[in-house]
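Just below is one structure, and these are the notes that go with it.
The values are calculated or read from the model by the stated rules, or taken from the named source; none is laboratory data. Remember, it's a predicted structure, so these values are computed and weren't measured experimentally. Counting neighbours? That spans all protein chains shown, and the Cβs are built from the backbone with ideal geometry, glycine included. Please note that ligands, DNA and RNA were not included when accessible areas were found on the heavy atoms of the full protein model with its side chains. Shrake-Rupley method; radii C 1.70, N 1.55, O 1.52, S 1.80 Å.
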Amino acid sequence: MLKTPFSRQTDPASAASETQSHSTDDNPRRRVLVIGLDCAAPELIFERWLNDLPNLKSLYHDGLHGSLRSCDPPITVPAWSVMMSSKSPGRLGVYGFRNRADHSYDRYSIANSLAIKEDRLWEILSRAGKRSIVIGVPGTYPPKALNGTMVTDFLTPDTSCEYTYPPQLKQEIERVVGEYILDVRDFRSGNKAKILADIYEMTRKRFQLARHLLAKDDWDYFIMVEMGTDRIHHALWDNMDPAHRFYEAGNEFENAIHDYYVEVDREIGELLKFADDSTDVLVVSDHGAKRMDGGICINEWLMANGYLALKEKPDGTVPLSKVKIDWPKTKAWGDGGYYARVFLNVAGREPEGTIAPEDYEKVRDELIAGLKSIPDENGHDIGTQVYRPEELYKEVRGVAPDLIVYFGGLYWRSVGTVGGGKIHTFENDTGPDGANHAENGIIIWRSAGSRRESQLKGAKITDVAPTILEIFGLPVPPDMEGTPLAATEPVLI
């Protein structure tokens, strides 16, 4: 028998047989359908555009809804794995797409499915005999066996790879949608017309595949994640938001994000045809979005303040990995991204560490004060937040950053390049990008057979997995960090 994550209790064939026998006319089969919209912003869905989104509006008025507090950091990797496991990034040991593999200076690992050691929902459900359809959930490539079907995520290199379970599903996808699109590869190219066309094509094919699998497969749990909402925010937020420094009134893409949300809502309406009165429907996002005011060149600041030393000045602006660092003269360095990861060069921990262990907290305190004091280009305070990982996580696994930095409350991103000679930049080091991530995503939950509007207060991303397990009547593992939302008292409207 194939060794699978659920083979301790059942195998795929027996699980499917058991699942098919669950439903009777007198006892309808309970199902859960989850629609994930990466980066979907509560301000847009709940406030600005709800009346233009009839299907989301119907779910909103027929169920629970509210902001969903993301994890720290609020980024796609690791947020979806946090949601599906109810374990923090600290517990997962995943703090972003790339993570230090050890305390050397140059070894990094990629946070694909092999990096996630904790059970996610479909693995728990597989062992319970439930069948799942999983489409595009970040952190699923390479695919692992489950009781059901899986199509992996945007981190899949391309469709020539084995990106499905079972493997033969790949040929079926080609017959149904043609060339499947895993991601918009050049969403930071600046070619906005092409980016927009590619996003629409990707979204159309993903929802088409979802309808096909929902119609043909026997399923208890369905989840898909659409990345288009994230890609369109990063590519076109500056065209939409009058508060953005690069916004121009009347530009040709001013309504592009709104119109795309309307299209996604239409696609959601087609999926809802598969949700009967015994199906719970959840619409969730892993984080929200906000305008990006600029970038803080973290390593330029560290150099200017005596924490980072280079052996030679680079010829132009280059990634830190492309220059030679003078480690015996370096106390700290940083990574760029939507948030800054700052690492300390600690004696006895790093190969050429310079900070005595007894001075570790002193240096962290100095850095926290200094990083919080970085103003904008006009000298105004931007409200930077700096955290020690042990303040955010009950358990810290892997090689965590020594400091986690949200420049300007995430209105500013971290830029890791060196050689520019300035602290502030308004050009992204990875290509044009108009948006950063926000701490709050969305949750809408229409419970099976229930039609009442209630507002959820204080929902957290770790609450989603235990909520779904409770819907299925399955025990919530005691090491999950969230609480079933059904166990909380909603605020009635």
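Beta carbons closer than 7 Å, at least 6 apart along the sequence or on distinct chains, pair a first residue in region 139-167 that is farther than 20 Å from Met202 by Cα with a second that is at pLDDT below 95 and open to solvent by less than 30 Å² (accessible area, probe 1.4 Å) for Ala145/Thr4; Asn147/Phe6; Asn147/Ala15; Asn147/Ala16.
Of all residues in region 462-474, none that is more than 14 Å from Ile223 (Cβ to Cβ) has its Cβ atom under 9 Å from the Cβ atom of a residue that is modelled with pLDDT of 95 or more and aromatic (Phe, Trp, Tyr), 6 or more apart or on another chain. Within region 325-354, the residues that satisfy the criterion of being charged (D, E, K, R), surrounded by fewer than 19 Cβ atoms within 10 Å (Cβ to Cβ) and part of a loop (DSSP other than H, G, I, E, B) are Asp326, Arg349, Glu352.
For Arg206, are the conditions met, namely being over 30 Å from Val418 (Cβ atoms) and touching a residue at least 60 places away in the same chain (Cβ under 8 Å)? Break it down stepwise before answering.
Values: over 30 Å from Val418 (Cβ atoms): yes; touching a residue at least 60 places away in the same chain (Cβ under 8 Å): yes.
It is true that Arg206 is over 30 Å from Val418 (Cβ atoms) and touching a residue at least 60 places away in the same chain (Cβ under 8 Å).
Can you find a residue in region 401-414 that is in contact with a Leu (Cβ under 7 Å, 6 or more places away or on another chain), over 26 Å from Asn378 (Cβ atoms) and acidic (Asp, Glu)? Yes: region 401-414 contains one or more residues that are in contact with a Leu (Cβ under 7 Å, 6 or more places away or on another chain), over 26 Å from Asn378 (Cβ atoms) and acidic (Asp, Glu). For region 88-115, the set of residues classified as under 21 Å from Val405 (Cα atoms), within 17 Å of the chain's Cα centre (by Cα) and in a loop (DSSP other than H, G, I, E, B) consists of Ser88, Gly93, Val94, Tyr95, Gly96, Phe97, Ala111, listed by residue number.
The residues in region 81-124 that are crowded, with 23+ Cβ neighbours inside 10 Å and without any contact (Cβ under 8 Å) to a residue 24 or more places away in the chain can be counted, and the count is 0.
Residues considered: Phe426, Phe472. Of these, the only one that is in contact with a strand residue (DSSP E or B) (Cβ under 8 Å, 6 or more places away or on another chain), at pLDDT 95 or above and aromatic (Phe, Trp, Tyr) is Phe472.
With of a type in the set (A, V, I, L, M) and not in a strand (DSSP E or B) as the only criterion, which of Ile195, Ile223 stands out?
Working: Ile223 fails: not in a strand (DSSP E or B).
Matching residue, one of Ile195, Ile223: Ile195.
Remark: Arg245 matches the filter, which requires a residue to be open to solvent by 10 Å² or more (accessible area, probe 1.4 Å) and more than 25 Å from Val177 (Cα to Cα).
When residues in region 127-178 are screened for being crowded, with 24+ Cβ neighbours inside 10 Å and of a type in the set (Lys, Arg), 2 of them pass.
Return a yes/no flag: does region 223-232 have any residue that is out of contact with any Asp or Glu (no Cβ under 9 Å at 6 or more places or on another chain) and more than 30 Å from Tyr163 (Cα to Cα).
So the first thing to find is which residues in region 223-232 are out of contact with any Asp or Glu (no Cβ under 9 Å at 6 or more places or on another chain), and the list is 223-224, 232.
Among the residues that remain, those that are also more than 30 Å from Tyr163 (Cα to Cα) are: none.
No, region 223-232 has no match at all.
Looking at the structure I just gave you, is Gly228 open to solvent by less than 10 Å² (accessible area, probe 1.4 Å) and either more than 19 Å from Lys170 (Cα to Cα) or at pLDDT below 95 (or both)? Spelling it out, Gly228 is indeed open to solvent by less than 10 Å² (accessible area, probe 1.4 Å) and either more than 19 Å from Lys170 (Cα to Cα) or at pLDDT below 95 (or both). Within region 179-221, restricting attention to residues that are within 21 Å of Leu271 (Cα to Cα), among the aliphatic types (A, V, I, L, M) and open to solvent by less than 60 Å² (accessible area, probe 1.4 Å), the residue that is nearest to the chain's Cα centre (by Cα) is Leu182.
Residues of region 44-80 being open to solvent by 10 Å² or more (accessible area, probe 1.4 Å), closer than 19 Å to Arg397 by Cβ and part of a helix (DSSP H, G or I), which ones? Hit for region 44-80 is Val77, nothing else.
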